[in-house]
1. Residues of the stretch 8-31 being within 16 Å of residue 66 (Cβ to Cβ) and either touching a residue at least 40 places away in the same chain (Cβ under 8 Å) or aromatic (Phe, Trp, Tyr) (or both), which ones?
2. Would you please name the residue that is farthest from residue 92 (Cα to Cα), looking only at residues in the stretch 1-45 that are polar (S, T, N, Q) and open to solvent by less than 50 Å² (accessible area, probe 1.4 Å)?
3. Restricting to the stretch 59-88, count the residues that are surrounded by 17 or more Cβ atoms within 10 Å (Cβ to Cβ) and farther than 24 Å from residue 27 by Cα.
4. Could you tell me whether residue 82 is in a helix (DSSP H, G or I), of a type outside the set (A, V, I, L, M), touching a residue at least 60 places away in the same chain (Cβ under 8 Å) and out of contact with any strand residue (DSSP E or B) (no Cβ under 8 Å at 6 or more places or on another chain)?
5. Can you list the strands (runs of 3 or more DSSP E) lying wholly within the stretch 1-71 that have 2 or more residues being of a type in the set (Gly, Ala, Ser)?
6. With the requirement that a residue be of a type in the set (Asp, Glu) and either over 13 Å from residue 40 (Cβ atoms) or touching a residue at least 60 places away in the same chain (Cβ under 8 Å) (or both), what does the stretch 63-79 give you?
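The values are calculated or read from the model by the stated rules, or taken from the named source; none is laboratory data. Bear in mind the structure is a predicted one, so any value in this text is a computation, not a measurement. Ideal geometry is used to build each Cβ from the backbone, glycine not excepted, and the neighbour counts take in all protein chains shown. Calculation scope for accessible area: heavy atoms of the full protein, side chains included, ligands and nucleic acids excluded. Shrake-Rupley method; radii C 1.70, N 1.55, O 1.52, S 1.80 Å.
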Amino acid sequence: MATTKKYKDFVLKQLGLLDDIICKPMMGEYLLYYRGILFGGIYDNRLLVKIVERNKKYDMKEDIPYDGAKPMYLVDDIDSQETLKGIVLATYEGLKK
């Protein structure tokens, strides 16, 4: 099942506290970048972020975005823009080199 435009638009609205968010379509799903770094995506109406040491403090569950992919963290609570901002920033900090 592909992600709906309505869900994608909602996630992007919730990410509105962050500048430099880029959303790129990929085979019915969406890849999410912050300041040029791929940090996660929207898969089957689920927001997932890459697993890094810095975002473990958010105690998210692991999930698989699609068959054959590495596990990622499922962001269950996307209603809090502040929490979501913290998750993205922690993930970004853990990924940048």
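1. 30 - this is the single residue of the stretch 8-31 that is within 16 Å of residue 66 (Cβ to Cβ) and either touching a residue at least 40 places away in the same chain (Cβ under 8 Å) or aromatic (Phe, Trp, Tyr) (or both).
2. My answer is 3.
3. Residues flagged as surrounded by 17 or more Cβ atoms within 10 Å (Cβ to Cβ) and farther than 24 Å from residue 27 by Cα within the stretch 59-88 amount to 3.
4. Here the answer is yes, as residue 82 does meet what is asked.
5. 37-43
6. Passing the criteria: 67, 76, 77, 79.
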